[in-house]
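The values are calculated or read from the model by the stated rules, or taken from the named source; none is laboratory data. Quick caveat, the model's predicted, so the values are computed rather than measured. Neighbour counts run over all protein chains shown; Cβ positions are idealised from the backbone, glycine included. Surface accessibility is based on the protein's heavy atoms, side chains included, excluding ligands, DNA and RNA. Shrake-Rupley method; radii C 1.70, N 1.55, O 1.52, S 1.80 Å.
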Amino acid sequence: MRRKLVVANWKMHGNLERNKLLLREVVAGVRGLRNADFAVCVPHPYLFQAQQLLKGTNVAWGAQNVHQSEQGAYTGAVSAWMVADFGCTYAIISHSERRGQFRETNESAAKSMKLAIKAGLTPIYCMGETLDEYEVGVTEAVVASQLDGVLNIVGIKLLSKVVFAYEPVWAIGTGKTATPSQAQAVHEFIRGRVAKHDLEVAANMRILYGGSVKAANAAQLFVMPDIDGGLIGSASLASDEFVAICRAANQAPGSKKRV
Ligand code: PEP
């Protein structure tokens, strides 16, 4: 069975005081939930705080990005090893906000992904179509090119160490969510495409859905057979909402390993 995974993406939000309260409430809210995995991806300056407050709990932590190079003259950038120094489990790679605002590409994603794995992190690789692409019906073609773009560089074996996130850009931060069946169809497509390379990798890979997931819609999404959890933006900033989403994942049936 694939275990559900719920990951918070705080984006550029937080301060020491608010984080402390939020992390404490999340830890208290998910304590004892054993059927799913939970994590928070915080801004880089708060990794130390996350490490201090989360170690020994059932909430892992991670970074929202790592650079595509190991080290060097990249002012303001942060490497995979730097975040690994703070005990991170995860690193989000090529969130659509980074593709759009920082011109990240499939190629830069593949480089960051390789380094993240080398540094002992689990990359969470984001894919998804824009509203225009959705409206002209090219969702599968877009997701296929984002998947193939990294697969061709990283190789199928390393992809077994990656968590995927399908995040339609039109659903991120907009309040519009893909319906469970819309999201399921894309997740199934992604798994099927990986299955053409390796059945076992496809059966084991976790594919999260992201895009305006909240307490009110999480259970319907998580019950779908190819939706292995969620990547949560806005709703992760309110502990009651985030904890309710984690509880929905904990209660959802684990997905059978099938392709
Ligand atoms: C995200 O940024 O990854 C995200 C899914 O955001 P939101 O939940 O706010 O749509």
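Which helices (runs of 4 or more DSSP H) does the range 146-259 wholly contain that include 1 or more residues that are within 14 Å of the ligand (Cβ to nearest atom) and open to solvent by 10 Å² or more (accessible area, probe 1.4 Å)?
It comes to 215-222, 239-251.
Considering the range 122-145 alone, what residues qualify as being assigned to a helix (DSSP H, G or I) and either over 11 Å from residue 190 (Cβ atoms) or not aliphatic (A, V, I, L, M) (or both)?
131, 132, 133, 134, 135, 139, 140, 141, 142, 145
Within the range 35-71, which residues are among the small types (Gly, Ala, Ser) and either open to solvent by 60 Å² or more (accessible area, probe 1.4 Å) or modelled with pLDDT under 95 (or both)?
Scanning the range 35-71 gives a single hit, 56.
I need the full set of residues from the range 5-27 which are surrounded by 15 or more Cβ atoms within 10 Å (Cβ to Cβ) and either within 16 Å of the ligand (Cβ to nearest atom) or hydroxyl-bearing (Ser, Thr, Tyr) (or both), in order please.
Passing the criteria: 5, 6, 7, 8, 9, 10, 11, 13, 14, 22, 26.
When you scan the range 28-110 for helices (runs of 4 or more DSSP H) that lie fully inside it, which ones turn up with 3 or more residues that are within 16 Å of the ligand (Cβ to nearest atom) and in contact (Cβ under 8 Å) with a residue 12 or more places away in the chain?
The qualifying helices (runs of 4 or more DSSP H) are 96-101.
Taking the stated definitions as given, is residue 180 within 19 Å of residue 2 (Cα to Cα) and in contact with a strand residue (DSSP E or B) (Cβ under 7 Å, 6 or more places away or on another chain)?
The answer is no for residue 180.
Looking at 77, 116 in this structure, which one is touching a strand residue (DSSP E or B) at 6+ places or on another chain (Cβ under 7 Å) and open to solvent by less than 50 Å² (accessible area, probe 1.4 Å)?
From the options 77, 116, the qualifying one is 116.
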